[in-house]
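Below is one structure, written out as structure tokens; comments come after it.
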Amino acid sequence: MKKIFLLMLTFVMSNLYSQTIVSNTDKDVLVQKCLTFQPLLDKIPTQVQEMITDYYIFGNNNEFNFSQNLIVNGKSISFLSKGDLSPIKPYFIFFTMNVENNNAFVRYYFNYTYNGVETTIPITIDFVKTNSVWQVLQHTI
């Protein structure tokens, strides 16, 4: 009886662990897609885009559980606290990231200062996962 219980417990823990990995992988992919979202990039001045040597995310990633060591287009991700903010560091704030099965909703902001003017661009994206690939269903900027 004890062996059966341990076997069942191992199976359940294994399934939970692999679901967590998939979830984190999905969130990593969604973050990558958000950081490189072309309609957003089209709204950012070229000079500001050139300032982005790393992707800066304001706040703590514990709430969203995506990888801190994620590399996107050869650029690393750094997490900023309030004291790290400066006009020369354009940064993102992820406000909402809901992932359920094959659907995801992300609300985030891109903040930058250019010519002394601070700008915040709000973005919302609805994603759908088809054949293991996350695609944009609709968005607002």
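The values are calculated or read from the model by the stated rules, or taken from the named source; none is laboratory data. Keep in mind it's a predicted model, so treat the numbers as computed, not measured. When we count neighbours, we look across all protein chains shown, and the Cβ atoms used for this are built from the backbone with ideal geometry, even at glycine.
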(message) Which residue is surrounded by the fewest Cβ atoms within 10 Å (Cβ to Cβ), if the candidates are limited to the stretch 102-141 and must be without any contact (Cβ under 8 Å) to a residue 40 or more places away in the chain and within 20 Å of Phe79 (Cβ to Cβ)?
(response) Thr120
(message) So for the stretch 94-101 (the condition being among the hydrophobic types (A, V, I, L, M, F, W, C), within 15 Å of Ile141 (Cα to Cα), buried (at least 16 other Cβ atoms within 10 Å of the Cβ) and at pLDDT below 95), does at least one residue qualify?
(response) yes
